[in-house]
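What follows draws every value from the coordinates through simple rules; no lab data is involved. What you see is a predicted model, and the numbers here were worked out from it, not measured in a lab. So basically every Cβ, Gly included, is an ideal-geometry build from the backbone, and we count neighbours across all protein chains shown.
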């Protein structure tokens, strides 16, 4: 999985949160558990999972917004896991994020121009005047007009606000952009506009995307590679087309079966997993899906499952499916 | 078959801004009607008008509104039906339950009010209702506070509350938004089952075309305060007459098959924006000059009704 040319390579990344469980008692919650992934330049890796699966924590660890408990993050072959101060600030210009809610992630007091220029002021030391040309170019590139630089977020539609978020992320020409559910709060007709924009920016600038989503139809369209997470663990990873065509892990299968598809002839398979996702605190020591899995056996409860390559980069953490 | 709920010429404005501009909609007995549209299209406002639950500054007027043959134009008729004849399943299940009361008490209070039950009787019926929404340990859930239950479980409780008055119609407003995919599938199946078990009808408001394809018999597509296209689900997905509906289906199916979606330029109009005679004309790939100043005519073709000068008659185009 790790090549010298990867934009991002993470190894054994783990984050344990210490949770108060009442009185003087504590419990350790493994939000991200031994995750190893990589993204080559110009490719999109989608991380898919339900709420509580650890996908947002994973993104925060990669961006160094959270300190990992264990493991390493390599951005363009540089280990950024232990970086601090000015060194880290320099690296931050190479990795950016686009958030889910376009309004919440823009400062209501700042003009669009100032918001988009900010990364240049911070990372490249430009003044507002020096940045203005590049801001105007960037706004045009994301489908807005240079006049939008004088507007405030409340004057924008949801789609326009998300274009501003994208412009801010792209203006430093980063190597990696984390897209945290960038289209899930947008209307259908606007959603496709944003997806097409993200795709053309990627082709033009050779950016790598880490695309976090629970919407499988969006992922099917935009992702080259896929990692499926459940309770902090990657349970299946590999080329997206391959996984969509032949999912191996029971959890991936459940997700694909449960996703409603825009085809009246296709009826969703409603019952596959048993019950609901437990808290990560109550996870079995073995397979995280134990207890809900339709094909599990007693050994699954306490035998940890490692990802095993079953060919063509397709990896599955289930002994019954390798 | 005559409609269970029939709404014609519904107009709603809030603080002088037109929100609904002549909505025609009907729900037939035993069917589930999907109401699809983007933010601000008027899906929720249509449902709230029927329940007489519009915001304080809103004014509504109907040309026709009947429910099972009864005139529903007087607000009092709609208020009396709320809960009794029409059940409502909200979008945010946890937010719609009272956080300081046990969910069982909220359910039995509803039963006592709607069905004049005594305390003991209501408790027994509440447990039965919890069982009927496939809750396996109703005693525990009965004693729980909303924060002790998962989102999916709260939504089951809300469905049980909606069923408490033995309604003939259940209106569900984005009932699975915010729920995980696997839970969403279970809740949708449950809704479909409880509606058919009770010989009731359903109105399902959603923006997800996958959800519609899964559970709805007919679809009404709304845009900018009007229903622009109605038809049997299979017909709409085979080739919606209205270019807007047609493009939405085309986007959803291309994404689903991993293909490149066609773009719809521009954005959804806001209330108060100046609208062309056909509100979709500025974004439409088939619009001609007439679309901007002549009211779109009603087109009735292959089991669909649409309002359009240039309806799409060639299936889902273009891919």
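Determine, at each q value in 0.10, 0.17, 0.19 (inverse angstroms), the log₁₀ of I(q)/I(0) that the Debye formula gives when each Cα of the range A:185-322 is one equal point scatterer. So the normalised log intensities work out to -0.40, -1.02, -1.19. A viscosity of 0.692 mPa s and a temperature of 37 °C, combined with the Kirkwood radius over Cα pairs in Stokes-Einstein, give a translational diffusion coefficient for the range A:127-179 of 284 µm²/s. Per-residue ellipticity at 222 nm from helix content only, as computed over chain B with -39500 (n - 2.57) for each DSSP H run of at least four residues, stands at -10500 deg cm²/dmol.
Counting only alpha carbon atoms, the long axis of helix A:112-123 and the longest principal axis of chain A meet at about 80°.
Could you quote the convex hull projected area for the range A:83-175, Cα atoms only and averaged over all directions, in nm²? Walk me through the numbers before you get to the answer.
On the way: hull surface 23.8 nm².
Mean projected area of the Cα convex hull: 6.0 nm².
Hey, fewest Cβ within 10 Å first, where do B:237, A:209, A:272 land in order?
A:272, B:237, A:209
Output the relative contact order of chain A, whole-number percent, from Cα pairs under 8 angstrom with separation of 6+ residues.
Taking the mean separation of contacting Cα pairs over the length of chain A, I get 20 percent.
Were the residues from residue A:303 through residue A:24 laid out at 0.36 nm apart, the gain over their Cα-Cα distance would be 97.4 nm.
When you restrict to C-alpha pairs under 8 Å that are six or more residues apart and normalise by the size of the range B:102-235, the relative contact order lands at 20 percent.
Per residue, how big is the convex hull around the C-alpha atoms of the range B:67-216? Give it to me in cubic angstrom, could you? Can you show the working numbers first?
Values: hull volume 17.8 nm³, N = 150.
Normalising the Cα hull of the range B:67-216 by residue number yields 119 Å³.
Computed as a quarter of the hull surface, the mean projected area of the alpha carbon convex hull for the range B:179-220 stands at 3.0 nm².
Mind checking B:147-158 for the average number of partner chain beta-carbons within 10 Å of each residue's beta-carbon?
Across the residues of B:147-158, the mean count of other-chain Cβ atoms within 10 Å is 1.
Across chain A, the convex hull enclosing all Cα atoms gives 156 Å³ per residue.
Across peptide B:35-42, the mean count of Cβ atoms from other chains lying within 10 Å of each residue's own Cβ comes to 2. To test your reading of the geometry: what angle, between 0 and 90 degrees and rounded to tens, separates the Cα axis of helix B:181-197 from the longest principal axis of chain B? Its long axis makes an angle of about 80 degrees. As a rough guide to protection, the peptides A:252-258, A:234-240, B:23-29 ranked by mean Cβ packing within 10 Å, highest first, stand as A:234-240, A:252-258, B:23-29. Put a dot 7 Å past the Cα of residue A:310, heading toward its Cβ, do the same for residue A:200, and the two dots end up 3.9 nm apart. Packing order of peptides A:177-188, A:72-83, B:291-302, highest average first: A:177-188, A:72-83, B:291-302 (average count of other Cβ atoms within 10 Å over each peptide's residues). Principal-axis analysis of the Cα atoms of chain B puts helix B:151-163 at an angle of about 80° to the longest axis.
Stick to the Cα atoms of the range A:72-230, pair each with every other, and give me the Kirkwood hydrodynamic radius in Å at one decimal.
Hydrodynamic radius (Kirkwood, Cα pairs) of the range A:72-230 is 16.3 Å.
Calculate the tail of P(r) for the range B:5-307: the fraction of all Cα-Cα distances greater than 37 Å, expressed in %.
Pairs farther apart than 37 Å: 18 percent.
The eigenvalues of the Cα gyration tensor, multiplied by 5 and square-rooted, give the protein assembly as shown an equivalent ellipsoid with semi-axes of 41, 34, 23 Å from largest to smallest. Treat the range B:139-241 as a sphere of radius equal to its Kirkwood radius over Cα pairs and apply Stokes-Einstein at 37 °C in a medium of 0.692 mPa s; give the translational diffusion coefficient in µm²/s, rounded to a whole number. Result for D is 218 µm²/s.
Mean separation of Cα pairs under 8 Å and 6+ residues apart, divided by the residue count of the range B:5-307: what relative contact order is that in percent?
Relative contact order comes out at 22 percent.
Ordered by the number of other Cβ atoms lying within 10 Å of each residue's own Cβ, fewest first, B:142, A:103 fall into the sequence A:103, B:142.
Residue by residue along B:228-241, Cβ atoms of other protein chains within 10 Å of the local Cβ number 1 on average. In terms of overall dimensions, the C-alpha atoms belonging to the range B:211-292 reach 36, 28, 22 Å along their principal axes, ordered largest to smallest.
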